[in-house]
Amino acid sequence: MRDIRHFIDGASFEGASGRFGDVFNPNTGEVQARVQLATEGEVDKAVQAAQNAFEAWSSTNPQRRARVMFEFKRLVEANMDELAEMLSSEHGKVIADSKGDIQRGLEVIEFACGIPHA
C-alpha cells in the first residue's frame, strides 16, 4: 500500500506520529493509500516553512514570478493525463470531468502569469 508522506520546505519525510488515515477510492470504496497524520511540531514546522517561503516569494520581482508560473503551467499541461487519473481516483470523477477541472486550473495559472502586465 502507498504511504503519503509529509512534504515540508521542499523535502519529503516520514512523520513521527505513527498515525495514519486511510485514503479511499470513491469509485470502489477500497483503501488506495494511507496518509500520515502530523504531530503538532510538524504542523508548526510546515507553517514556519510557508511563512519563510512567502517572504522570499513576495520579494521576487513580478516578471520572475510570472516565469515560474509559466513553467508550472507547462508542467501541468505536460502531465494532464496523470493528474486527471489522480484527481479521478481521489474524487470519484470521470476522467473527462477531471480534465475539465485541470483546464479551469490552467486558466487561473494563465491569469496569474498575466498579472505583471496588468
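The values are calculated or read from the model by the stated rules, or taken from the named source; none is laboratory data. Treat the numbers as computed from the prediction; the structure is a model and nothing was measured. Methodologically, a virtual Cβ is constructed for each residue, glycine included, from the backbone with ideal geometry; neighbour enumeration extends over all protein chains shown.
Overview of results
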item	result
Residues satisfying the stated conditions in segment 52-90, i.e. touching a residue at least 24 places away in the same chain (Cβ under 8 Å) and either β-branched (Val, Ile, Thr) or in contact with a strand residue (DSSP E or B) (Cβ under 6 Å, 6 or more places away or on another chain) (or both)	Val76
Filter result for Phe54 (modelled with pLDDT of 95 or more, aromatic (Phe, Trp, Tyr) and within 17 Å of the chain's Cα centre (by Cα))	yes
Residues within segment 65-75 that are surrounded by 15 or more Cβ atoms within 10 Å (Cβ to Cβ) and not charged (D, E, K, R), tallied	2
Count of residues meeting criterion [without any contact (Cβ under 8 Å) to a residue 40 or more places away in the chain, part of a helix (DSSP H, G or I) and either within 20 Å of the chain's Cα centre (by Cα) or closer than 30 Å to Ile95 by Cβ (or both)] in segment 25-51	8
Given (1) assigned by TED's automatic domain parsing to the domain that holds Phe24; (2) in contact with an Asp or Glu (Cβ under 9 Å, 6 or more places away or on another chain), index of the condition Glu55 fails	(2)
